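Trainee: Below are the structure tokens for one structure; questions will follow.
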Amino acid sequence: MRYRVTTKAPADVQAEALVVLFDEQGPLGEAVNKVVVEHIASYRRALEKKTSSREWFCTLDPQTGAAARHLLLDSAAFGPWMPGREKLKCAAARAVSLCREHSISKIAFVVNRKDSLEEAQAVFEGAVLGDFADKRFKSEKPSPAPLDLTFVVAKDAQKATTDMLDATEPVLRGVNLARELVNAPNNILTPGELTGHGVEIAKEHGLRFELLDSKKLEKQGYNLLWNVGRGSEHEPYMLTVSYEPKGRVKLKEHLCLVGKGMTFDTGGYCIKDRANMYLMNNDMGGAAATLGTLLAVAELQLPLKMTAIIPSAHNAIDGGAYHPGAIITSKQGKTVFIGNTDAEGRLILADAFQRAARVSPDIMVDFATLTGACVMALGNRLAGLFTEDAQLRALFEQAGEATGDSLWAMPIWREYAHRLVHPLADLNNITKPGDMGGAIHAANFLKEFVPEGVRWAHVDIAGVAATDTPYRCMAAGGTGFGVRLMVDVIRRMVDAA
Ligand code: BES
Ligand code: ZN
Ligand code: ZN
């Protein structure tokens, strides 16, 4: 993908298509040329009379050297309920897909309305995320020309727009990396492969990393992770990557991200129902969000110290697989009764939190496809945010609204904490049948392993890491949920530092 910014008159821009999008305030681009201005006017009339098809191509005289085709699209067509600038992203994605249908890859977006930097960012996001089509597992792999975007902006907006695009592009790459990781099936993306992607990012950016394989996990006492991974021929791993910027660190808090990396979750001996088991390819969505964020942070050289930790395993069954009823001593020391082998995410996270303790973070955030109960509570478009830190909560809520990675705050309700107690072991990984509120129980369980004094937020992305139908500007499959959110949270923390 290529992108550039120009302040030329739209009619002088060389592109195969010139796109004018509309939001509530009207067209993002103005003074396109007489023909287009007229089209816009008649388009708006048609919209008002509700007779419009809402999008069309119009071929102009190619002799003039002007862009040959115009595409007008109204973002209102994409549903008034959408938050923030999501509608605009949808419109941009639709514009790109229409262009692709006509084998057009050189596209100019006119966003020269006054103060339209945020709109330009939404258009960029929608265009790039909308153009993502995962054909890796098809035998026929079309190779469309790379997207070539021009942003036609107002005279005084050239520099700000260029900076914005440069600051956004790595984030979108992070989102699309996360989407690819989530889409990859369990026979290809094993724990070794998943953590291998993190190692690649580390090597590319000269970051220190540590990769613990099954032997080392066992030897060092990461018994929960090791046991969850025992039943598979794909051995478990734990990856730790330490990011430090080449320049000055601005944020004084050391941030640690932890991402659940179950490359498949059969449920183990507490085996899942056959109907939806395949969905558990996505059970590494938290790891994907963490790696996508790491990629963006490293590319952008954001001024903070950050550690990314990926505990990864394949929850499967063989003679050695851990059983319900087992009692396992965690790396931290607490013993855990395995009430259910399908409640494995909290187990591998618990050991990962103990790895985190060794790097002494100030703030720890985990992303995990942790509970079906969270999906029951919030559905497929809203993640659950669990934190007792009011500042973190506010940051995540603001970032959620700004980025479209939508979330809702849930309680870490202490009245339910007694459900963790087991008569023989320190903790039970499940609560008793009929208790309900499973997402809260899981958060209470995790809280037992958060290192002393660390500010912590847990994001349950079970419902949102992937979508089975196209959603907003994205195709069905992995959503990359968490990448834009986390980068935005980091930026807010850095800005306030
Ligand atoms: N990976 C699942 C949670 C999940 C469910 C993710 C649906 C995505 C969509 C997790 O490991 C799990 O199986 N949780 C159990 C816990 C239960 C046994 C206490 C659940 O939510 O049913
Ligand atoms: Zn499970
Ligand atoms: Zn799981």
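Trainee: Mind checking which pairs have a first residue in the range 428-444 that is under 14 Å from Gly372 (Cβ atoms) and a second that is within 16 Å of ligand 2 (Cβ to nearest atom) and of a type in the set (Val, Ile, Thr), Cβ under 7 Å, 6 or more apart or different chains?
Mentor: Gly438/Thr371; Ala439/Thr371; His441/Thr431; Ala442/Thr371
Trainee: If I go through the range 336-367 residue by residue, how many of them are within 16 Å of ligand 3 (Cβ to nearest atom), among the hydroxyl-bearing types (Ser, Thr, Tyr) and either part of a helix (DSSP H, G or I) or surrounded by fewer than 22 Cβ atoms within 10 Å (Cβ to Cβ) (or both)?
Mentor: Qualifying residue count for the region: 0.
Trainee: Are any residues in the range 79-105 of a type in the set (Ser, Thr, Tyr) and assigned to a loop (DSSP other than H, G, I, E, B), and if so, which ones?
Mentor: Ser103, Ser105 - these are the residues of the range 79-105 that are of a type in the set (Ser, Thr, Tyr) and assigned to a loop (DSSP other than H, G, I, E, B).
Trainee: Check Val153 against each of (1) surrounded by 21 or more Cβ atoms within 10 Å (Cβ to Cβ); (2) within 25 Å of the chain's Cα centre (by Cα); (3) within 30 Å of Ser103 (Cβ to Cβ); (4) not charged (D, E, K, R) and name the one condition it does not meet.
Mentor: With respect to (1) surrounded by 21 or more Cβ atoms within 10 Å (Cβ to Cβ); (2) within 25 Å of the chain's Cα centre (by Cα); (3) within 30 Å of Ser103 (Cβ to Cβ); (4) not charged (D, E, K, R), Val153 is out only on (2).
Trainee: Which residues, taken from the range 321-335, are within 16 Å of ligand 3 (Cβ to nearest atom) and not hydroxyl-bearing (Ser, Thr, Tyr)?
Mentor: Matches in the range 321-335: Ala321, Pro324.
Trainee: Another one. Please find, within the range 430-444, the residue that is nearest to Cys256 (Cα to Cα) out of those that are in contact with a Ser or Thr (Cβ under 9 Å, 6 or more places away or on another chain) and within 10 Å of ligand 1 (Cβ to nearest atom).
Mentor: Here the residue is Ala442.
Trainee: Follow-up. Can you name the residue in the range 255-296 that is among the basic types (Lys, Arg) and near ligand 1 (Cβ under 10 Å from one of its atoms) and, of all such residues, is nearest to Ile348 (Cα to Cα)?
Mentor: Among those that are among the basic types (Lys, Arg) and near ligand 1 (Cβ under 10 Å from one of its atoms), it is Lys260.
Trainee: When residues of the range 333-347 are filtered for being more than 30 Å from the chain's Cα centre (by Cα) and over 10 Å from Val228 (Cβ atoms), how many remain?
Mentor: Selection size over the range 333-347: 6.
Okay, residues lined up against (1) under 21 Å from Ser242 (Cα atoms); (2) of a type in the set (Lys, Arg); (3) more than 16 Å from ligand 2 (Cβ to nearest atom):
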| position | (1), (2), (3) |
| --- | --- |
| Ile309 | yes, no, yes |
| Lys334 | no, yes, yes |
| Arg358 | yes, yes, yes |
| Ile363 | yes, no, yes |
| Leu385 | no, no, yes |
| Leu392 | no, no, yes |
| Trp408 | no, no, yes |
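Trainee: To continue, here is another question. Look through Gly434, Gly372, Gly384 and report the one residue that is small (Gly, Ala, Ser), surrounded by fewer than 19 Cβ atoms within 10 Å (Cβ to Cβ) and within 16 Å of ligand 3 (Cβ to nearest atom).
Mentor: When all the criteria are applied, what remains is Gly372.
Trainee: Output the number of the condition that Arg179 fails; it satisfies all remaining conditions of (1) farther than 25 Å from Thr469 by Cα; (2) among the basic types (Lys, Arg); (3) surrounded by 22 or more Cβ atoms within 10 Å (Cβ to Cβ).
Mentor: Here Arg179 clears every test but (1).
Trainee: Which residues, taken from the range 445-486, are among the hydrophobic types (A, V, I, L, M, F, W, C), closer than 16 Å to Arg179 by Cα and touching a residue at least 12 places away in the same chain (Cβ under 8 Å)?
Mentor: Ile461, Ala462, Val464, Ala465, Ala466, Cys473, Met474, Ala475, Phe481, Val483, Leu485, Met486
Trainee: Let me ask something else about it. Report whether or not Ala287 is of a type in the set (A, V, I, L, M), within 26 Å of Pro451 (Cβ to Cβ) and touching a His at 6+ places or on another chain (Cβ under 6 Å).
Mentor: Criteria not met by Ala287.
Trainee: Select from the range 307-326 the residues that are in a strand (DSSP E or B) and either at positive phi or within 16 Å of ligand 1 (Cβ to nearest atom) (or both) and list them in ascending order.
Mentor: Matches in the range 307-326: Ile310, Pro311, Ser312, Ala313, His314, Asn315.
Trainee: Can you go through Gly319, Gly259 and tell me which one is away from ligand 2 (no atom under 15 Å from the Cβ) and without any contact (Cβ under 8 Å) to a residue 24 or more places away in the chain?
Mentor: Gly319
Trainee: Go through Ala313, Ala326 for me and flag whichever is under 18 Å from His197 (Cα atoms) and either touching a helix residue (DSSP H, G or I) at 6+ places or on another chain (Cβ under 9 Å) or of a type outside the set (S, T, N, Q) (or both).
Mentor: Step by step, each of Ala313, Ala326 is checked, and only Ala313 is under 18 Å from His197 (Cα atoms) and either touching a helix residue (DSSP H, G or I) at 6+ places or on another chain (Cβ under 9 Å) or of a type outside the set (S, T, N, Q) (or both).
Trainee: Could you check, for the range 464-486, whether at least one of its residues is buried (at least 24 other Cβ atoms within 10 Å of the Cβ), part of a loop (DSSP other than H, G, I, E, B), on the phi > 0 side of the Ramachandran plot and within 19 Å of the chain's Cα centre (by Cα)?
Mentor: Yes, some residue in the range 464-486 is buried (at least 24 other Cβ atoms within 10 Å of the Cβ), part of a loop (DSSP other than H, G, I, E, B), on the phi > 0 side of the Ramachandran plot and within 19 Å of the chain's Cα centre (by Cα).
Trainee: Which ones in the range 275-298 are surrounded by fewer than 17 Cβ atoms within 10 Å (Cβ to Cβ) and either at pLDDT 95 or above or not in a loop (DSSP other than H, G, I, E, B) (or both)?
Mentor: If the condition is that a residue be surrounded by fewer than 17 Cβ atoms within 10 Å (Cβ to Cβ) and either at pLDDT 95 or above or not in a loop (DSSP other than H, G, I, E, B) (or both), then Met277, Tyr278, Leu279 are the ones that fit.
The values are calculated or read from the model by the stated rules, or taken from the named source; none is laboratory data. Since this is a predicted model, take the numbers as computed values, not measurements. No Cβ is skipped: glycine too gets one built from the backbone with ideal geometry, and neighbour counts run over all protein chains shown.
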